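Report on the following structure.
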Amino acid sequence: MRYVCLVSHGGFARGLYDTLSMFVGNCEEVRCITLEKGEAVDQLSVRCKEMLETFQEGDELIVLADLIGGSPLTTFLNCMDSLGKKPLIVFGGMNLAMALNAVMMKEQEVEMIREACLREAGDAIKEFALVSDEEEDI
């Protein structure tokens, strides 16, 4: 089975999980783990290992993180490695568009997931320009 794992500092991953559930309903194949404020990385490592041990042999993980190189992601990946697990794909800079695509497309070919997630994540970033009433009249 394939799972999407959301990894972040603070409550970002939990909040994204909650928002995803509004869009897709059942998120039983989505997991999240966070480095809490004031928490030591060693404590996060213990929780990561506990979570990773719940996966079955052959399960595949699509990992979305807030920051590439951040403590939550590096800890999570180090724990995977120590348990002899490898992620299917890892993305940094997660946002709702990326996460939604990962969840909706998780059973597709890896390259399709990669392309869709990166495209949609980038396309979701836009400036919203407000138009004043005066500008509309021109």
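The values are calculated or read from the model by the stated rules, or taken from the named source; none is laboratory data. Here the structure is a predicted model, which is why all the values come from computation and not from measurement. Positions of Cβ are backbone-derived with ideal geometry, glycine not excepted, and every protein chain shown enters the neighbour counts. Please note that ligands, DNA and RNA were not included when accessible areas were found on the heavy atoms of the full protein model with its side chains. Shrake-Rupley method; radii C 1.70, N 1.55, O 1.52, S 1.80 Å.
Results, tabulated for the structure shown:
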{"read-out": "Check on MET80, buried (at least 18 other Cβ atoms within 10 Å of the Cβ) and outside any helix (DSSP H, G or I)", "value": "no"}
{"read-out": "Qualifying positions in the stretch 83-106 - of a type outside the set (Gly, Ala, Ser), outside any helix (DSSP H, G or I) and out of contact with any strand residue (DSSP E or B) (no Cβ under 8 Å at 6 or more places or on another chain)", "value": "LEU83, LYS86, ASN95"}
{"read-out": "Residue check, SER71 polar (S, T, N, Q) and in contact with a Ser or Thr (Cβ under 6 Å, 6 or more places away or on another chain)", "value": "no"}
{"read-out": "Subset of the stretch 4-16 [touching a residue at least 40 places away in the same chain (Cβ under 8 Å) and open to solvent by 30 Å² or more (accessible area, probe 1.4 Å)]", "value": "HIS9, PHE12"}
{"read-out": "Odd one out for GLU39, checked against (1) closer than 20 Å to LEU67 by Cβ; (2) without any contact (Cβ under 8 Å) to a residue 24 or more places away in the chain; (3) in a helix (DSSP H, G or I)", "value": "(3)"}
{"read-out": "Test set (1) open to solvent by less than 70 Å² (accessible area, probe 1.4 Å); (2) farther than 17 Å from ARG14 by Cα - GLN43 fails condition number", "value": "(1)"}
{"read-out": "The stretch 89-115, residues that are of a type outside the set (A, V, I, L, M) and open to solvent by 50 Å² or more (accessible area, probe 1.4 Å)", "value": "GLU107, GLN108, GLU109, GLU111, ARG114, GLU115"}
{"read-out": "Test: residue in the stretch 107-114 that is in a loop (DSSP other than H, G, I, E, B), of a type outside the set (Asp, Glu) and under 19 Å from THR34 (Cα atoms)", "value": "no"}
{"read-out": "Close pairs (8 angstrom Cβ cut-off, 6 or more residues apart or separate chains): within 14 Å of VAL7 (Cβ to Cβ) in the stretch 17-32, open to solvent by 40 Å² or more (accessible area, probe 1.4 Å) and part of a strand (DSSP E or B) anywhere", "value": "TYR17/CYS32"}
{"read-out": "Unmet requirement for ASP66, which otherwise passes all of (1) among the charged types (D, E, K, R); (2) under 21 Å from ARG14 (Cβ atoms); (3) out of contact with any helix residue (DSSP H, G or I) (no Cβ under 8 Å at 6 or more places or on another chain); (4) in contact (Cβ under 8 Å) with a residue 40 or more places away in the chain", "value": "(3)"}
{"read-out": "Filter pass, LEU6 being assigned to a loop (DSSP other than H, G, I, E, B) and under 12 Å from the mean Cα position of the chain (by Cα)", "value": "no"}
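Listed here are the residues, each with its yes/no results for (1) touching a Lys or Arg at 6+ places or on another chain (Cβ under 7 Å); (2) under 18 Å from GLU28 (Cβ atoms).
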residue	(1), (2)
GLU53	no, yes
ILE62	yes, yes
ALA65	no, no
GLY69	no, no
ASP81	no, no
ILE89	yes, no
MET94	no, no
ALA99	no, yes
